[in-house]
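The values are calculated or read from the model by the stated rules, or taken from the named source; none is laboratory data. Small disclaimer: the values here were computed from a predicted structure and weren't measured. Note that we place each Cβ from the backbone using ideal geometry, even for glycine, and neighbour counts take in every protein chain shown.
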Amino acid sequence: MLNCLITGGAGFIGSHLAEELIAESQRVTVIDDLSTGCRENLASVWSHPRFRFVEGSVFDRHLIAELLAEADEVYHLAAVVGVARVAHSAIQTIKTNLHGTLVLLEELARTAAGRQVRLLLPSSSEVYGNNPKPLWHEDDCLMFGPTTSRRWCYGLAKAVDEMLALAYWREMGLSVVVVRLFNVSGPRQSGKHGMVLPRLVEAALSGGPLTVHDDGQQVRCFVHVADVVPAMIALMRHPEAVGSVFNIGSDQPVTILELAREVAALIDPGLRVEFRQFAAQYGSNFEECTRRVPDLSRLRQTIGFAPRHTLQDIIRDVIEWTKAHAAPQQ
Ligand SMILES: NC(=O)c1ccc[n+]([C@@H]2O[C@H](COP(=O)([O-])OP(=O)(O)OC[C@H]3O[C@@H](n4cnc5c(N)ncnc54)[C@H](O)[C@@H]3O)[C@@H](O)[C@H]2O)c1
């Protein structure tokens, strides 16, 4: 039995990861400051004898050291996420995503000496910035816009996180795997912070309209959280993954306008799609990213990744969950 620590485990992906690790018969500790996550996300494991929840911050060095002392695997998911939060809280985004990771790595290097502790660091497709290549490979250049455009603070912080984690692997011998997640979606994801699919579903269930930015031709690939979680665990335990970076996602592109129409088709085909300037919502210096498709060859070669869920499955699951849990929009 492994002792697994999940930072940010009361959030969207972390709560699914906690369930999967408990189902695997591991012991799971979640630390979360509940800034966006919530206890309800962990309802199915809350009373399990192998599950423990600790309310606290990854900034709390003493608490982190205490939790790391007994951990075999650390999944560091605590972060500020979502385009709306990044646009309006750049300081918190940079602070949480950089300082939290630094505290974790420093304490891991101190407390894990002589023990086999593995760290999985979720990074993001945002690290590629606005790379114009049709498929993004892990070894591609990262192409950020200017520092005056707030959008890039999330991707830049995640890129520095990656470099830090890989430096701790090289210089301090920590066992580190970096994963770049591409538009993960599914039950429990909230549209509150700008995540596009739950936002569209919430709007559709409230009678519309479905708002897409600019002309809706931005290209994204959506992957189900239920396909991402096993891939994260497999990479965490794969000896050849240590010290490497992996894209995790789907490589089936869809435009945001097509996505909105798919959502409408499943809820009410008569719903209106409304176009809104991205700049009107997030400010003129908040750049939009036009195309984001991962090259998955490294992931396939290493763990034989083959997602089981289609885009339709993802949309249906988000609709079902939103109907059952989310308050309708006013
Ligand atoms: N969802 C996606 O599509 C996606 C894409 C790329 C990367 N990621 C990464 O995956 C990870 C999980 O994302 P998510 O979608 O589940 O987001 P989420 O917001 O649901 O989860 C993040 C969790 O971290 C917690 N948290 C924030 N600051 C904290 C702090 N200082 N101390 C302790 N906990 C703190 C929040 O309360 C929340 O529960 C993040 O690192 C994110 O950057 C997600």
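Give segment 257-304 a look and list any residue that's of a type in the set (Val, Ile, Thr) and in a loop (DSSP other than H, G, I, E, B), or say none. Lay out the reasoning, then the answer.
Pass one, segment 257-304, residues of a type in the set (Val, Ile, Thr): 263, 267, 273, 290, 293, 302-303.
Across segment 257-304, the qualifying residues are Thr290, Val293.
Need the failing condition index for Ser47 against (1) hydroxyl-bearing (Ser, Thr, Tyr); (2) in a loop (DSSP other than H, G, I, E, B); (3) touching a residue at least 12 places away in the same chain (Cβ under 8 Å), just the number.
(3)
Does Leu235 satisfy being over 23 Å from the mean Cα position of the chain (by Cα) and at pLDDT 95 or above? Walk me through how you get there before you give the answer.
Numbers: over 23 Å from the mean Cα position of the chain (by Cα): no; at pLDDT 95 or above: yes.
In short, no.
Identify all residues within segment 123-174 that are modelled with pLDDT of 95 or more, away from the ligand (no atom under 16 Å from the Cβ), of a type outside the set (A, V, I, L, M, F, W, C) and not in a helix (DSSP H, G or I); write none if there are none.
Lys133, Pro134, His137, Asp139, Asp140
Take the residues in segment 1-16 that are crowded, with 24+ Cβ neighbours inside 10 Å and not in a helix (DSSP H, G or I), then tell me which one is farthest from the ligand (Cβ to nearest atom).
If we take residues in segment 1-16 being crowded, with 24+ Cβ neighbours inside 10 Å and not in a helix (DSSP H, G or I), then Cys4 is farthest from the ligand (Cβ to nearest atom).
Being outside any loop (DSSP other than H, G, I, E, B) and more than 14 Å from the ligand (Cβ to nearest atom) narrows it down to one residue among Glu106, Glu19; which is it? Show your work before the answer.
Values: Glu19 fails: more than 14 Å from the ligand (Cβ to nearest atom).
On inspection, the qualifying residue turns out to be Glu106.
Consider Glu40 carefully, then state whether it is away from the ligand (no atom under 11 Å from the Cβ) and closer than 20 Å to Glu73 by Cβ.
Numbers: away from the ligand (no atom under 11 Å from the Cβ): yes; closer than 20 Å to Glu73 by Cβ: no.
Here the answer is no, as Glu40 does not meet what is asked.
For a quick check of your reading of the model, give me the residue pairs whose first member lies in segment 167-183 and is touching a residue at least 40 places away in the same chain (Cβ under 8 Å) and farther than 14 Å from Leu121 by Cβ, whose second is of a type in the set (Phe, Trp, Tyr) and crowded, with 19+ Cβ neighbours inside 10 Å, with beta-carbon atoms closer than 9 Å and at least 6 apart or on different chains.
Note: pairs meeting the criteria are Phe182/Trp136; Phe182/Phe222; Asn183/Phe222.
Do we have any residue at all in segment 83-95 that's near the ligand (Cβ under 10 Å from one of its atoms) and assigned to a loop (DSSP other than H, G, I, E, B)?
Within segment 83-95, not a single residue is near the ligand (Cβ under 10 Å from one of its atoms) and assigned to a loop (DSSP other than H, G, I, E, B).
Sort out which residues of segment 50-70 are surrounded by fewer than 18 Cβ atoms within 10 Å (Cβ to Cβ), within 16 Å of the ligand (Cβ to nearest atom), assigned to a helix (DSSP H, G or I) and in contact (Cβ under 8 Å) with a residue 24 or more places away in the chain, and write them in order of number.
Arg61, Leu63, Ala65, listed by residue number.
Filter segment 179-193 down to residues that are of a type outside the set (Lys, Arg), within 11 Å of the ligand (Cβ to nearest atom) and out of contact with any Cys (no Cβ under 7 Å at 6 or more places or on another chain), then give me how many there are. Steps first, answer last, please.
To start, the set of residues in segment 179-193 that are of a type outside the set (Lys, Arg) comprises 179, 181-187, 189-191, 193.
Within this subset, residues satisfying the condition of being within 11 Å of the ligand (Cβ to nearest atom) are 179, 181-186, 189-190, 193.
From what is left, the residues that are out of contact with any Cys (no Cβ under 7 Å at 6 or more places or on another chain) are 179, 181, 184-186, 189-190, 193.
The number of residues fulfilling the criteria is 8.
Need the failing condition index for Thr211 against (1) in a strand (DSSP E or B); (2) within 21 Å of the chain's Cα centre (by Cα), just the number.
(2)
Sort out which residues of segment 118-144 are buried (at least 17 other Cβ atoms within 10 Å of the Cβ) and over 23 Å from His76 (Cα atoms), and write them in order of number.
Asn130, Asn131, Trp136, Phe144
Under 9 Å between Cβ atoms, which residue pairs at least 6 apart in sequence (or on different chains) link something in segment 298-321 that is small (Gly, Ala, Ser) with a partner that is surrounded by 19 or more Cβ atoms within 10 Å (Cβ to Cβ) and part of a helix (DSSP H, G or I)?
Pairs that qualify, where the first residue is small (Gly, Ala, Ser) and the partner is surrounded by 19 or more Cβ atoms within 10 Å (Cβ to Cβ) and part of a helix (DSSP H, G or I), are Ala306/Asp227.
For residues in segment 20-31 being in contact (Cβ under 8 Å) with a residue 40 or more places away in the chain and out of contact with any Lys or Arg (no Cβ under 9 Å at 6 or more places or on another chain), which is farthest from His224 (Cα to Cα)?
Ile31
Quick check on my filter: what residues within segment 101-117 are on the phi < 0 side of the Ramachandran plot, surrounded by fewer than 23 Cβ atoms within 10 Å (Cβ to Cβ) and of a type outside the set (A, V, I, L, M)?
Residues satisfying the conditions are Glu106, Glu107, Arg110, Thr111, Arg115, Gln116.
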